[in-house]
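For reference, the structure is listed below as structure tokens.
The values are calculated or read from the model by the stated rules, or taken from the named source; none is laboratory data. Owing to the predicted nature of the structure, the values given are computational and were not obtained by experimental measurement. Counting neighbours? That spans all protein chains shown, and the Cβs are built from the backbone with ideal geometry, glycine included. Just the protein is used for accessible areas: all its heavy atoms, side chains included, with ligands, DNA and RNA removed. Shrake-Rupley method; radii C 1.70, N 1.55, O 1.52, S 1.80 Å.
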Amino acid sequence: MKLLEERIRKDGKIKGGDVLKVDSFLNHQMDVELFARMGEEWARLYAGEGVNKILTIEASGIGIACVAAQAFRVPVVFAKKSKTKNIAGDVYTAQVESFTQGKRPYPIFVSKEFLHPGERVLLIDDFLANGNAALGAIELIDQAGAQLAGMGFIIEKAFQQGGGILRDRGIHIESLAMIDS
Ligand code: G4P
């Protein structure tokens, strides 16, 4: 997506070798106008997929997933990284194996109330890197008996393994910007 690529070139900063900082419009301050354009783009790209729910993982995915959900006119649910009192009841849960330095594997949870058999779920997230969060989300969708309609990412780091792993599974992936190196 040209608008996004231009914004990354203008405002993105490289940090510590392979980390792209996009805090000024995506991960900290958020450009909601740009989010709206991205939501519309995914709605166009997934027009034939019968998406009726959007799923994301807290925290950075929530903003973009909400805006995308408006474009699709479907509900959005986010997987939580801790099992708070609010979702103390029946939950689907999966473990995310994080390879990022200094991070440990962590569980994600979605209440059984909010994912259902037969739903066509689109996962939306900000970055596709190693793909571990996406694999965790697939487990939640499988446990619910729902169907994965696709996965939309804002930025795919094409030099990391996630894109290959997920495409090998035949998943319909739409990354709005690809970073080659
Ligand atoms: P994976 O989910 O694709 O396996 O990603 P990985 O373990 O490699 O990355 C862990 C976290 O770092 C993820 O956020 C991911 O979105 C983020 N990340 C990966 N590469 C970059 C990058 O180049 N720039 C930025 N800004 N973030 C990157 P998370 O742990 O889910 O945290 P949150 O931000 O959603 O709370």
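Please determine, by comparing only the residues of the range 87-102 that are at pLDDT 90 or above and away from the ligand (no atom under 11 Å from the Cβ), which one is most open to solvent (accessible area, probe 1.4 Å). Going through the qualifying residues, I end up with D90.
Taken over the range 131-143, the criterion of being more than 13 Å from the ligand (Cβ to nearest atom), crowded, with 20+ Cβ neighbours inside 10 Å and either within 12 Å of T93 (Cβ to Cβ) or not hydrophobic (A, V, I, L, M, F, W, C) (or both) is satisfied by L140 alone. Kindly establish whether A146 is among the aliphatic types (A, V, I, L, M), under 30 Å from G17 (Cα atoms) and more than 9 Å from the ligand (Cβ to nearest atom). Criteria not met by A146. Of all the numbered requirements in (1) within 10 Å of the ligand (Cβ to nearest atom); (2) under 16 Å from the mean Cα position of the chain (by Cα), L20 misses one, and that requirement is (2).
For the range 129-140, a tally of residues being over 12 Å from I57 (Cβ atoms) and hydrophobic (A, V, I, L, M, F, W, C) returns 1. Inspect all residues belonging to the range 103-111 and state whether any of them is under 25 Å from M1 (Cβ atoms), touching a residue at least 24 places away in the same chain (Cβ under 8 Å) and buried (at least 21 other Cβ atoms within 10 Å of the Cβ). Scanning the range 103-111 turns up no residue that is under 25 Å from M1 (Cβ atoms), touching a residue at least 24 places away in the same chain (Cβ under 8 Å) and buried (at least 21 other Cβ atoms within 10 Å of the Cβ). Set side by side, the residues F114, F127 differ, and just one is open to solvent by 40 Å² or more (accessible area, probe 1.4 Å), touching a residue at least 12 places away in the same chain (Cβ under 8 Å) and away from the ligand (no atom under 15 Å from the Cβ), which is F114. Being away from the ligand (no atom under 14 Å from the Cβ) and surrounded by fewer than 13 Cβ atoms within 10 Å (Cβ to Cβ) holds for only one residue in E41, E5, E33, E49, and it is E33. Would you say R120 is over 11 Å from the mean Cα position of the chain (by Cα), at negative phi, open to solvent by 50 Å² or more (accessible area, probe 1.4 Å) and modelled with pLDDT of 95 or more? So R120 fits the description; yes. With the condition kept exactly as written, say whether any residue in the range 164-172 is modelled with pLDDT of 95 or more, within 9 Å of the ligand (Cβ to nearest atom), over 16 Å from I54 (Cβ atoms) and buried (at least 17 other Cβ atoms within 10 Å of the Cβ). The answer is no, given that none of the residues of the range 164-172 is modelled with pLDDT of 95 or more, within 9 Å of the ligand (Cβ to nearest atom), over 16 Å from I54 (Cβ atoms) and buried (at least 17 other Cβ atoms within 10 Å of the Cβ).
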